[in-house]
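Notes follow the structure.
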Amino acid sequence: MPTQPETPKPEIHPDFPTGRSPGAIGGAQPKLLLNRRADGMYESPQRSPEELLHRYTIADDIVGQLVSYFQRKKREFPEWSDEKNLERIRLALIKKAAEGKWTFTVEEQDWIMARLHERCHETQTNNPMESRQE
């Protein structure tokens, strides 16, 4: 009986922030959620591998969407510098996170912007004529 090939599990980019997952339990006396380390010290729990993969997948998808957005704005407003476009995107990302529309941590926002900058640079390097089209 033939078996279906396993779908490869996506790898998390090595620079993606793993972050801690701080939490508390409410009530008359709120309690912090902490893990005890082998040395007896306490720390905030880490994200599970599944949660980390989920957050990475969402962040990486947003980067892909923002690359397309960056390229479209570059065509629509050729007088804008790349840095101006990236700064506008950064401010919008911060605003959406502050409003609770996107739940990215500050570290994840920084990673998204660094990855966006990297991917936009790769696109221009791989297609130097792109900026001259239209």
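Details
- Sites GLN65 and ASP39, calculated FRET efficiency, Cβ-Cβ separation with R0 35 Å, nearest 0.05: 0.25
- Each of GLU107, GLU79 was scored by other Cβ atoms within 10 Å of its Cβ. Listed from fewest to most, they are GLU79, GLU107.
- Placing +1 on the Cβ of every Lys and Arg and -1 on the Cβ of every Asp and Glu, with no other charges, gives segment 21-93 a dipole of roughly 140 debye about its Cα centre.
- Packing-based exposure ordering (other Cβ within 10 Å, fewest first) of TYR69, TYR56, TYR42: TYR42, TYR69, TYR56
- Overall form of segment 79-118 per C-alpha gyration tensor (a/c, 1.5; a/b vs b/c): oblate
- What separates the Cα centres of segment 38-52 and segment 61-125 is a distance of 30 Å.
- In terms of other Cβ atoms within 10 Å, LEU52, LEU116, LEU32 run from fewest to most in the order LEU32, LEU52, LEU116.
- With the convex hull drawn around the C-alpha atoms of segment 47-132, the volume per residue stands at 92 Å³.
- Segment 47-132: relative contact order as a whole-number percent, Cα under 8 Å and 6+ apart: 37
- Simple label model, 7 Å out from Cα along Cβ direction - LEU91 to LYS31, nm: 4.6
- Dipole of segment 47-132 [Lys/Arg +1, Asp/Glu -1 at C-beta], most positive-end residue of LEU93, ALA59, SER81: SER81
None of the figures in this text is laboratory data; all of them are computed from the coordinates on show. This structure is a prediction, so every number in the text was calculated from the model and none was measured. Don't worry about glycine lacking a Cβ; one is built from the backbone with ideal geometry, like all the others, and counts go over all protein chains shown.
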